[in-house]
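Only one structure is covered here, and it is reproduced in the block below.
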Amino acid sequence: MKKTINSAISVILSLVFVLCLGACTNAPDATGLWENAVYTEDTELGEGAITAVVEVKIEDKTVTFTVHTDKTNLGEALIENNLISGEQGDYGLYIKSVNGVTADYDIDQSYWAFYVNGEYATTGIDGAEIDENAVYSLEYTK
């Protein structure tokens, strides 16, 4: 009887180990802040004659979005493609969420920094006219 119980326990533990191993290998690559991201790989969005390249940087990972639109304003193009959301403030659109990842300064002093060609932007995203030769970046900053 004791041998049967030990065998049953060994079989059960083996199954639990196999299930745990399977769950770990099937887990998505997204971890940390990327767990909430809509896209975790480079992606093309929208349709239109104008193209904007937008890099989204969170932690040590960057995803590049190629956005096609007929809008001339970058903020409008990104809202149109559900890439950003936020609230209007005294200085324009305050970005709260990019690609499904929320930054909340009131909770943890995080925010979305906006860069054009590697330089901190001098306008808000809703004041930026699309330059098809520019590379725009939205960086999760804390």
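The values are calculated or read from the model by the stated rules, or taken from the named source; none is laboratory data. All values derive from a computational prediction rather than experimental measurement. Note that we place each Cβ from the backbone using ideal geometry, even for glycine, and neighbour counts take in every protein chain shown.
Restricting to segment 44-76, what's the tally of residues that are free of Cβ contacts under 8 Å to residues at least 60 places away in the same chain and farther than 19 Å from residue 102 by Cα?
13
Mind listing whichever residues of segment 37-86 are among the acidic types (Asp, Glu), over 13 Å from the mean Cα position of the chain (by Cα) and assigned to a loop (DSSP other than H, G, I, E, B)?
47, 70
Residue by residue through segment 87-116, note down the ones that are free of Cβ contacts under 8 Å to residues at least 40 places away in the same chain and among the aliphatic types (A, V, I, L, M).
Hits for segment 87-116 are 93, 103, 107, 113, 116.
Of all residues in segment 23-36 being surrounded by fewer than 10 Cβ atoms within 10 Å (Cβ to Cβ) and assigned to a helix (DSSP H, G or I), which is modelled with the lowest pLDDT?
25
Test residue 113 against the criterion of being surrounded by 14 or more Cβ atoms within 10 Å (Cβ to Cβ), in the same structural domain as residue 41 (by TED's automatic domain parsing) and either over 24 Å from residue 34 (Cα atoms) or among the charged types (D, E, K, R) (or both), and give yes or no.
no
How many of the residues in segment 71-99 are surrounded by fewer than 17 Cβ atoms within 10 Å (Cβ to Cβ) and at positive phi?
Residues in segment 71-99 being surrounded by fewer than 17 Cβ atoms within 10 Å (Cβ to Cβ) and at positive phi: 2 in total.
Filter segment 48-70 for residues that are at pLDDT below 95 and either buried (at least 16 other Cβ atoms within 10 Å of the Cβ) or touching a Gly at 6+ places or on another chain (Cβ under 7 Å) (or both) and give the result.
59
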